[in-house]
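The structure appears right after this line, and notes come after that.
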Amino acid sequence: MFFSRQQKNRRLGREYVLDVKLRSSQVRAARSRLALLGSGTLLGLALVVFGVWRGGAWALDRMVYENPAFAMRQLDLQTDGVLSTDQLRSWAGIKGDENLLALDLALVKKNLEHIPYVHSVSVEPILPHTLRIRIIEREPVAQIYAHGPRAPG
């Protein structure tokens, strides 16, 4: 088995003996058909992927981000200091009936944290209609009274 010899006579072996050469035009035609079939398959696959991608984006916009079922109807804004809720709402940049899933919560948090009076902010959506914002204000260390110019008299 390990030391068996291979036959030296090719006539007795079972090999493909007939070798016919095709014309070069037939070979070129076969190659071009294969290239055309491959490029058509790739183009079709690319169109299908693009269609699924755009269809998914449209469905996500239509069913989630523009869905009136997730519109913000209540804003639960709580603070532990003296800032008014109307002022905080304007600083947060929240409009009336925004969609809770389309609202950029990180931007709302960043807008409120840039206010010097605010120490920390917590923003969380409570589905389906409420946005909860908790604000902890800074405690002043010192207070300075500045006297304005007196009226003549």
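Just one residue in the set Val123, Val64, Val52 is surrounded by 12 or more Cβ atoms within 10 Å (Cβ to Cβ) and at pLDDT 90 or above; that residue is Val123.
Take Asp86 and tell me if it is closer than 23 Å to Val123 by Cα, over 16 Å from the mean Cα position of the chain (by Cα) and open to solvent by 50 Å² or more (accessible area, probe 1.4 Å). It is true that Asp86 is closer than 23 Å to Val123 by Cα, over 16 Å from the mean Cα position of the chain (by Cα) and open to solvent by 50 Å² or more (accessible area, probe 1.4 Å). Pairs are defined by a Cβ separation below 9 Å, a sequence spacing of at least 6 or placement on different chains, a first member in segment 105-128 that is touching a residue at least 12 places away in the same chain (Cβ under 8 Å), and a second member that is among the aromatic types (Phe, Trp, Tyr) and surrounded by 12 or more Cβ atoms within 10 Å (Cβ to Cβ); the pairs so defined are Asn111/Trp91; Leu112/Trp91; Ile115/Trp91; Val118/Trp91; Pro125/Phe70; Leu127/Phe70; Pro128/Phe70.
All but one of (1) open to solvent by 40 Å² or more (accessible area, probe 1.4 Å); (2) at pLDDT below 90; (3) closer than 21 Å to Leu60 by Cα hold for Gly96; state the number of the condition that does not hold. So Gly96 meets the others, but not (3). Checked against the criterion of being aliphatic (A, V, I, L, M) and within 24 Å of Met63 (Cα to Cα), segment 129-148 has at least one qualifying residue.
Residues are listed down the side, and each one gets a yes or a no for (1) assigned to a helix (DSSP H, G or I); (2) within 19 Å of His129 (Cα to Cα); (3) touching a Phe, Trp or Tyr at 6+ places or on another chain (Cβ under 7 Å):
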residue	(1), (2), (3)
Ser25	yes, no, no
Gly44	yes, no, no
Phe50	yes, no, no
Arg54	yes, no, no
Arg62	yes, yes, no
Leu75	no, yes, no
Ile94	no, yes, no
Val108	yes, yes, no
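Just so you know, in segment 67-83 the residues that are more than 19 Å from Asn111 (Cα to Cα) and small (Gly, Ala, Ser) include one that is least open to solvent (accessible area, probe 1.4 Å), and it is Ala71.
The values are calculated or read from the model by the stated rules, or taken from the named source; none is laboratory data. The model shown is predicted, which means the values in this text are computed figures rather than measured ones. When we count neighbours, we look across all protein chains shown, and the Cβ atoms used for this are built from the backbone with ideal geometry, even at glycine. When the accessible area is computed, the model is the full protein with side chains, heavy atoms only, and any ligands, DNA or RNA have been set aside. Shrake-Rupley method; radii C 1.70, N 1.55, O 1.52, S 1.80 Å.
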